[in-house]
Amino acid sequence: MALARYFTGILSAVLSLSLAAAEVNLYSSRKDILIVPLLEQFEEQTGIEVNLITGKASALMSRIKSEGEVSPADLLITVDAGNLHRAKAEGLVQVIQSELLESAIPEVLRDPQMHWVGLTRRARTIFYAEDRVDPKLLSTYENLVDDEWEGRICIRSSSNIYNQSLVASLIEVHGEDATEAWAKGIVANMARKPTGGDTDQLRAVAAGQCDLAISNTYYYGRLLDSERANDKKVVDTVKVFWLNQNDRGAHVNISGAAIAKYAPNYDEAIKLLEFMVSEEVQSYYAEVNHEFPVVGSATVSATIQSLGTFKSHDLNLSILGKNNKSAVMIMDRANWQ
Ligand code: FE
């Protein structure tokens, strides 16, 4: 009887072991199409099952926070170093212990304490109306406040993290007072009240509502790849200009990942992250969204290659998070809606 119970115990232990297959719970703010094919490949290669929850960055972070110690979240994938820094500041993440990730990802594209890492890069630069703007007059973010551009700039609202991070980078370079003067200059040169996303700013230039738009590069890449007549008109008439090429370089940011503080599947989360910086996956991940890989040996999409090469601002992106609060206050004082 006792023996029978003993064997039943072993049997159920073996059963529950085999039922509890290795898994990793991923909270992601990226579009499914960007990530699902990679996750399927990861599952096939490793036998680790990926449970994907998609949502907005702020909603996913609130969810991890409210779930607390019992949160099933292992990995958070989102865009912008500002968001990842916030996750760190709110105590939602932990150290990513991986020599492979530390050596594969450039230092400026990851948190100094390895609380998050970049997985793709994007630049935020200027796009201009080819028939109305002489690119010789364009040079730097700083010069966008010149009288030349009065009433000619389209840019989205200050509530958007991409603009907050751009302003945060300027604070690092010029200090708060000069950056506030710059933000006021941008507001004075706006063609209209900020409305819509980056793609809307590019479309507004094509439609003649403004002559310059600030946008992330991959939105332009998507339009370049589009078959739609409207989108073709945008890329035929609106061109990229890489800012600050004679000094620090164009502003760049990342999409990236962090491991949740109470991750129940830490080792599997590391495995998934390491998979994502392999050359093949980097090429795919960067290519589907027209971003730049963080691993130098990976390839850039032909579409994005057509924008030419550029020098990027070599700033540790944790600074964007550190300066975020000041950036938001500066934009507020500048009346940047
Ligand atoms: Fe975006």
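The values are calculated or read from the model by the stated rules, or taken from the named source; none is laboratory data. Quick caveat: nothing in here was measured; it's all calculated off a predicted structure. Neighbour counts are summed over all protein chains in view; Cβ atoms, including those assigned to glycine, are modelled from backbone coordinates with ideal geometry. Only protein heavy atoms, including side chains, enter the accessible area calculation; ligands, DNA and RNA are left aside. Shrake-Rupley method; radii C 1.70, N 1.55, O 1.52, S 1.80 Å.
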*Which pairs do you get when a residue that is in the same structural domain as A260 (by TED's automatic domain parsing), found in the stretch 92-104, comes within reach of a residue that is of a type in the set (D, E, K, R), reach meaning Cβ atoms under 7 angstrom, with the pair 6+ apart or on two chains?*
L92/K65; L92/K261; V93/K261; Q94/K261; S98/E274; L100/E274; L101/E274
*asked:* Give me the residue from the stretch 188-204 that is closer than 24 Å to N323 by Cβ and either open to solvent by 30 Å² or more (accessible area, probe 1.4 Å) or among the charged types (D, E, K, R) (or both) and, out of that set, farthest from the ligand (Cβ to nearest atom).
replied: A188
*Report yes if some residue within the stretch 165-187 is modelled with pLDDT of 95 or more, open to solvent by less than 40 Å² (accessible area, probe 1.4 Å) and within 16 Å of the ligand (Cβ to nearest atom); otherwise report no.*
yes
*So how many residues does the stretch 297-337 have that are within 21 Å of L84 (Cβ to Cβ) and part of a loop (DSSP other than H, G, I, E, B)?*
7
*Any idea which of A302, A298, A327 is at pLDDT below 95 and crowded, with 17+ Cβ neighbours inside 10 Å?*
A298
*Any idea which of N230, N244, N289 is open to solvent by 50 Å² or more (accessible area, probe 1.4 Å) and closer than 30 Å to E130 by Cα?*
N230
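Every residue, every condition in (1) modelled with pLDDT of 95 or more; (2) of a type outside the set (F, W, Y); (3) within 16 Å of the ligand (Cβ to nearest atom); (4) touching a His at 6+ places or on another chain (Cβ under 9 Å), yes or no:
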{"position": "A206", "(1), (2), (3), (4)": "yes, yes, no, no"}
{"position": "C210", "(1), (2), (3), (4)": "yes, yes, no, no"}
{"position": "A213", "(1), (2), (3), (4)": "yes, yes, yes, no"}
{"position": "Y218", "(1), (2), (3), (4)": "yes, no, yes, yes"}
{"position": "N230", "(1), (2), (3), (4)": "yes, yes, no, no"}
{"position": "K233", "(1), (2), (3), (4)": "yes, yes, no, no"}
{"position": "F241", "(1), (2), (3), (4)": "yes, no, no, no"}
*Looking for whichever is out of contact with any Gly (no Cβ under 6 Å at 6 or more places or on another chain) and open to solvent by less than 50 Å² (accessible area, probe 1.4 Å) here; the options are L52, L84, L34. Which one fits?*
L34
*Within the stretch 275-287, is even one residue farther than 23 Å from E40 by Cβ and in a helix (DSSP H, G or I)?*
no
*Between residues in the stretch 162-183 that are more than 13 Å from G321 (Cβ to Cβ) and residues that are assigned to a helix (DSSP H, G or I) and polar (S, T, N, Q), which pairs lie under 6 Å by C-beta distance while being six or more apart or on different chains?*
L170/T179; E176/S326
_Residue check, D80 among the charged types (D, E, K, R), modelled with pLDDT under 95 and either farther than 24 Å from A327 by Cβ or not assigned by TED's automatic domain parsing to the domain that holds T217 (or both)_ = no
*asked:* G68 - would you say it is at positive phi and open to solvent by 50 Å² or more (accessible area, probe 1.4 Å)?
replied: no
_If I ask for residues that are closer than 26 Å to Q209 by Cβ, touching a helix residue (DSSP H, G or I) at 6+ places or on another chain (Cβ under 6 Å) and away from the ligand (no atom under 16 Å from the Cβ), which ones from the stretch 80-129 would you list?_
A129
